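**Q** Supplied in structure tokens, the structure appears directly below.
The values are calculated or read from the model by the stated rules, or taken from the named source; none is laboratory data. From a predicted model like this one, the values you see are computed outputs, not experimental measurements. Every residue, glycine among them, receives a Cβ derived from its backbone with ideal geometry; neighbour counts consider all protein chains shown. Note: accessible area is taken over every heavy atom of the protein model, side chains too, but ligands, DNA and RNA are not part of it. Shrake-Rupley method; radii C 1.70, N 1.55, O 1.52, S 1.80 Å.
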Amino acid sequence: MTLLKDLTRGLWRENPIFRLLIGMCPTLAVTNAAINGLAMGLATSFVLICSSIIISLIKNFIPSKVRIPCFIIVIATFVTIADLVLAAFFPDIHAVLGLFVPLIVVNCVILGRAEAFASKNPVHRSIFDALGMSIGFTWALLLISIVREILGMGSVFGINILGKAFTPFLIMVLPPGAFLAMGVLLGIMNTIQDKLATR
Amino acid sequence: MKLFLIFMGAVVVNNFVLSRFLGICPFLGVSKKIETAFSMGIAVTFVMTLSAMASWLIQNYILIPFGLERFLQIVSFILVIASLVQFVEMVIQKTSPALYQALGIYLPLITTNCAILGLALLIALKEYSLIESLAFGFGAGAGFTLAITMMAGIREELQFGDVPKPLEGAAIALIIAGLMSMAFMGFSGLIAM
């Protein structure tokens, strides 16, 4: 029962992007096409889950005064792995995501979960918590990137769905579109949350 | 002349916040009052200029000579930045308690500001010289200060505005950032970098 609670926490109630507003930099920067949003979500998930497991395993050996640098080293190691794997097997996606793969290190979602959950709870609960947060992060990224790709290019995952009659709003795949799409989506999510809360 | 172009490029054309999406967290979190936003900007500029220098030294005197730049770049940069922030904090606390009070909690928070690590990685990527790195770091910090102070100015006015309830807080801030970003797009092409 607790495990299920750990898993579902990240999906909506404590969704890192729409409810807690952390990890905003990659959310805005790489969501110009659905495939990029998905790739970023999965790369972050990999780092989050692996580092949660390791941190939860070694939590008793780390002196509490130097815990943050220790967490960062564990996270940075997995980010290096993710960076090299992406560069080797998916060079196209790696080129598009560019700077934002190494920047997963400073994604507050990961350090936040390490500090708030993995360093205080046993391994199996940490895995479920990391998994839930990962799914929550990935669906949010995917939603934003799909909205931006439909409005900006008229397509989803590169497949044209709106036909020739639709004039794409190019602005949506450029930097301003990220802020506008995220702002409006956040407004919609707040409305849904208010509806849920009053019911 | 090249130094000036690098500086202006980092301030307006490729503004770190509005067109590179680096440092969004403090941009949204610490932009409610002009005074604190400006202090945060100054602190970030200071750390950015120092970390531009530190990461350039690490990259060119340690990582490249030993052939480690593929494997240890991320780990070493983040450690250097974290210790640098700690060091700056101690120095400011000793030399100028007034400034330390003014910056408050913003100093330690800078460690997890992705603009700093992003700057270190960009400098390594662009293979700038030491002086160019310093100009780039200072420009990036100035651009951040410009964006966050403007944002705080708009948000102070906005307190008296009639914002729809679901958009209150971060949502309206993001929409404002979108409009600012659109305005900054007018600078693109001004300097080809």
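**Q** Which of (1) surrounded by fewer than 22 Cβ atoms within 10 Å (Cβ to Cβ); (2) within 17 Å of the chain's Cα centre (by Cα) does A:Ile110 not meet, given it meets every other one?
**A** Here A:Ile110 meets the rest and fails (1).
**Q** Among the residues of the range A:90-106, is there at least one that is closer than 24 Å to A:Ile62 by Cβ, touching a residue at least 12 places away in the same chain (Cβ under 8 Å) and open to solvent by 40 Å² or more (accessible area, probe 1.4 Å)?
**A** No, the range A:90-106 has no match at all.
**Q** Follow-up question, since we're still on this one. Here are some conditions: (1) of a type in the set (Phe, Trp, Tyr); (2) farther than 19 Å from B:Gly23 by Cα; (3) open to solvent by 40 Å² or more (accessible area, probe 1.4 Å). B:Phe138 meets all but one. Which one does it not meet?
**A** Going through (1) of a type in the set (Phe, Trp, Tyr); (2) farther than 19 Å from B:Gly23 by Cα; (3) open to solvent by 40 Å² or more (accessible area, probe 1.4 Å) one by one, B:Phe138 breaks only (2).
**Q** Continuing with this model, one more query. Does the range B:49-56 include one or more residues that are within 13 Å of another protein chain (Cβ to nearest Cβ) and surrounded by 19 or more Cβ atoms within 10 Å (Cβ to Cβ)?
**A** For the range B:49-56, residues within 13 Å of another protein chain (Cβ to nearest Cβ) and surrounded by 19 or more Cβ atoms within 10 Å (Cβ to Cβ): present.
**Q** Give me the helices (runs of 4 or more DSSP H) completely within the range B:61-114, filtered to those with at least 3 residues that are without any contact (Cβ under 8 Å) to a residue 60 or more places away in the chain and either out of contact with any His (no Cβ under 9 Å at 6 or more places or on another chain) or loosely packed, with under 14 Cβ neighbours inside 10 Å (or both), ordered by residue number.
**A** Filter on the range B:61-114 gives B:73-95, B:97-103.
Here is a yes/no grid of residues against (1) outside any helix (DSSP H, G or I); (2) over 20 Å from the mean Cα position of the chain (by Cα); (3) at the interface with chain B (Cβ under 10 Å from one of its Cβ atoms); (4) among the aliphatic types (A, V, I, L, M):
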position: A:Arg67; (1), (2), (3), (4): no, yes, no, no
position: A:Cys70; (1), (2), (3), (4): no, yes, no, no
position: A:Thr77; (1), (2), (3), (4): no, no, yes, no
position: A:Val85; (1), (2), (3), (4): no, no, no, yes
position: A:Ala88; (1), (2), (3), (4): no, yes, no, yes
position: A:Leu99; (1), (2), (3), (4): no, no, yes, yes
position: A:Leu103; (1), (2), (3), (4): no, no, yes, yes
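**Q** Same structure, new question: For A:Asn32, indicate whether it is closer than 18 Å to B:Leu22 by Cα and not in a helix (DSSP H, G or I).
**A** yes
**Q** Checking B:Ala43 against (1) at pLDDT below 90; (2) within 14 Å of chain A (Cβ to nearest Cβ); (3) open to solvent by less than 70 Å² (accessible area, probe 1.4 Å), which test does it fail?
**A** If we test B:Ala43 against (1) at pLDDT below 90; (2) within 14 Å of chain A (Cβ to nearest Cβ); (3) open to solvent by less than 70 Å² (accessible area, probe 1.4 Å), just (2) comes out false.
**Q** Quick test for you: out of B:Ala135, B:Ala115, B:Ala152, B:Ala177, pick the one residue that is within 27 Å of B:Glu35 (Cβ to Cβ) and more than 10 Å from chain A (Cβ to nearest Cβ).
**A** None of the others qualify; the one that does is B:Ala152.
**Q** Within the range A:158-179, work out how many residues are closer than 27 Å to A:Ile22 by Cβ and outside any helix (DSSP H, G or I).
**A** Number of matching residues: 1.
**Q** Look at A:Ala43 and say whether it is part of a helix (DSSP H, G or I), at pLDDT 90 or above, touching a His at 6+ places or on another chain (Cβ under 9 Å) and under 24 Å from B:Val80 (Cβ atoms).
**A** Here the answer is no, as A:Ala43 does not meet what is asked.
**Q** For A:Leu185, which of the numbered conditions (1) touching a residue at least 60 places away in the same chain (Cβ under 8 Å); (2) farther than 19 Å from B:Ala171 by Cβ; (3) not β-branched (Val, Ile, Thr) fails to hold?
**A** Condition (2) is where A:Leu185 drops out.
**Q** Something else: Does the range A:1-29 hold any residues that are part of a helix (DSSP H, G or I) and within 11 Å of another protein chain (Cβ to nearest Cβ), and which are they?
**A** A:Met24, A:Cys25, A:Pro26, A:Thr27, A:Leu28, A:Ala29
**Q** Still on this model: Specify which of the listed residues (A:Ser126, A:Ser119, A:Ser145, A:Ser52) is within 14 Å of another protein chain (Cβ to nearest Cβ) and touching a residue at least 60 places away in the same chain (Cβ under 8 Å).
**A** The unique qualifying residue is A:Ser145.
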